[in-house]
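To start, the structure under review is shown below, and the notes come after it.
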Amino acid sequence: MTAARTRSLLTGRTFGGARRRAHILPAFCHGLGLLLISAATLAHAQNAPQQATSQPPVQLVYPPKPAEQTGPPVTITLADALQRAQKNNAEFLSALSDQRSAKEDRLQARNARLPQLGFRSEYIGTQGNGVTPNGRYVTNDGIHVYREWATVHQDLNANILWGTDYKRAQAAEAIAAAKAEIARRGLTVTVTKSFYALVVAQRKYATAQEALEQARRFLQLTENSERAGQAAHSDVIKAQIQYQQQEAAFTEANLGMEDARLDLSVLIFPTLDENFAAVDDLDTPRPLPTFGEAQELAGKINPDIRVATETLRQSNLDVKGAKSAFLPVISLDPVWGLEANCVTTHCVYTSIPDAGATPTLGYMIQATLTVPLWDWGSLRSKLRQADFKQEQAQVTLSQTQRRVLAELYAAYNEALVARAEVDKLRQTADLAGESLRLVTLRYQGGSSTSLEVVDAQTTLITARNAYDDAQVRYRNALANLQTFTGNF
């Protein structure tokens, strides 16, 4: 409102007479009030960016570093992260422990089929009867009896002859090895997701930092244009809003990066350590095999199918073992050594001293035949239990094969879509960057509005973040696919 316009309102000349002055004064007061409010609002808005920029940045809390970890950060690649995680992950180490324990069970089952050798030394002291050289117990030929035996024990039953227990232990070892492989592949997926979550968080942090700098430059540009009379103050307000939003986004990006760093640190280090840098290899091309190759790899070395197959094999052996319990069992206990009244190769027996010194070394064989006759149906009940488990194992194997094949299709399709999105979103990010450059030049030339510049900045940030997310999605899809196929 100009000074002349104000004076005309005060005198009422514009309205043609004193009759209208009573209406002029309220209108003038209302207009003056609006003018004062607008001036205060503009002054506050002009001071807002200085206040925003003068505020201290948010200080995150970091874990304290021990004295030995104050050096330069350790460079961690994905392969390094996987190797470190396999040394520190409790679930994976538990699976490896089960595998080693199953190996020892197999060795014990193998050794159980072999004869057991031992040495046995005994002394039997019997109270004498005071009349004869014999003791009071008729089973002892003298009051002093010595036994020095080399013993052999061997059980001969159907399980030992067929090797049922040993084969079952072999199947259990194969199951444990397959479960360890499942744990390793699952750990690979977990570490891959955490590793690339940190990588993409670092990228988004850099994008937010660049966007904040662009918003600051645009704010300065609008302020300079306003002082030169080439831009409206609404452009400055829009630039201020954009700057404050990007400042908040930058703080959130920093928080997301540190959270991702902590998550990865828990997986790969024995202590909580943030002094490391993740290598960004997302731009390194990773080929995707054909579906035929992936299906062939999944059919050969898929651990889930291996577990189901060996479980069925184990149940078949349980049925065989339950049937063998109906057969007789032979136990052999050969003994070689001496059982005499003295520990020598020749000894005079106190019960028959007239025989003179007789040889003491010799052998004895004890054979036992055990034939099961009646057990009130316990053996048949165990056989039925084994049959139930065998039927369930067959159903489980069939279902596992179907499930693995369906999940293989889904994982491969996910990898195909993720790879296609990477190429598309790369082009989108390049176009968004070029669009921002052109819109900024047009704004400087007066041919574009601040809204178009802000929209171009937002589009660029969204496009870059979407491209980074697509790259991570493709790497995670490859990791998921390799849980079925193994490394390719």
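The values are calculated or read from the model by the stated rules, or taken from the named source; none is laboratory data. What you are looking at is a predicted structure, and each value in this text was computed from that prediction instead of being measured. Positions of Cβ are generated from backbone atoms using ideal geometry, with glycine treated the same way; all protein chains shown enter the neighbour counts. The protein model used for the area step is the full one, side chains on, heavy atoms only, and it has no ligands, DNA or RNA in it. Shrake-Rupley method; radii C 1.70, N 1.55, O 1.52, S 1.80 Å.
Results, tabulated for the structure shown:
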| item | result |
| --- | --- |
| Qualifying residue in region 95-109 (condition: more than 14 Å from the chain's Cα centre (by Cα), in a helix (DSSP H, G or I), closer than 16 Å to residue 195 by Cβ and among the small types (Gly, Ala, Ser)) | no |
| Hits in region 65-82 (condition: at pLDDT below 75, open to solvent by 60 Å² or more (accessible area, probe 1.4 Å) and outside any helix (DSSP H, G or I)) | 65, 70 |
| Criterion violated by residue 163 - all others in (1) open to solvent by less than 20 Å² (accessible area, probe 1.4 Å); (2) under 30 Å from residue 267 (Cβ atoms) satisfied | (2) |
| Filter result (open to solvent by 100 Å² or more (accessible area, probe 1.4 Å), closer than 30 Å to residue 148 by Cβ and touching a Phe, Trp or Tyr at 6+ places or on another chain (Cβ under 9 Å)) within region 357-389 | 363 |
| Filtered residues of region 450-488 (kept if part of a helix (DSSP H, G or I), polar (S, T, N, Q) and under 20 Å from the mean Cα position of the chain (by Cα)) | 471, 476, 480, 482, 483, 485 |
| Qualifying residue in region 212-224 (condition: in contact with a Ser or Thr (Cβ under 7 Å, 6 or more places away or on another chain), touching a residue at least 60 places away in the same chain (Cβ under 8 Å), more than 30 Å from residue 259 (Cβ to Cβ) and not hydrophobic (A, V, I, L, M, F, W, C)) | yes |
| Boolean, residue 404 is open to solvent by less than 40 Å² (accessible area, probe 1.4 Å) and touching a Ser or Thr at 6+ places or on another chain (Cβ under 9 Å) | no |
| Test: residue in region 206-218 that is open to solvent by 30 Å² or more (accessible area, probe 1.4 Å), closer than 27 Å to residue 286 by Cα and in a helix (DSSP H, G or I) | yes |
| Matching entry among 357, 386, 432 (being touching a strand residue (DSSP E or B) at 6+ places or on another chain (Cβ under 9 Å), farther than 30 Å from residue 480 by Cα and hydrophobic (A, V, I, L, M, F, W, C)) | 357 |
| Residues of region 113-133 satisfying the condition of being of a type in the set (D, E, K, R), open to solvent by 50 Å² or more (accessible area, probe 1.4 Å) and assigned to a strand (DSSP E or B) | 120 |
| Counted residues, region 412-454 - those being of a type in the set (Asp, Glu), free of Cβ contacts under 8 Å to residues at least 12 places away in the same chain and within 29 Å of residue 217 (Cβ to Cβ) | 2 |
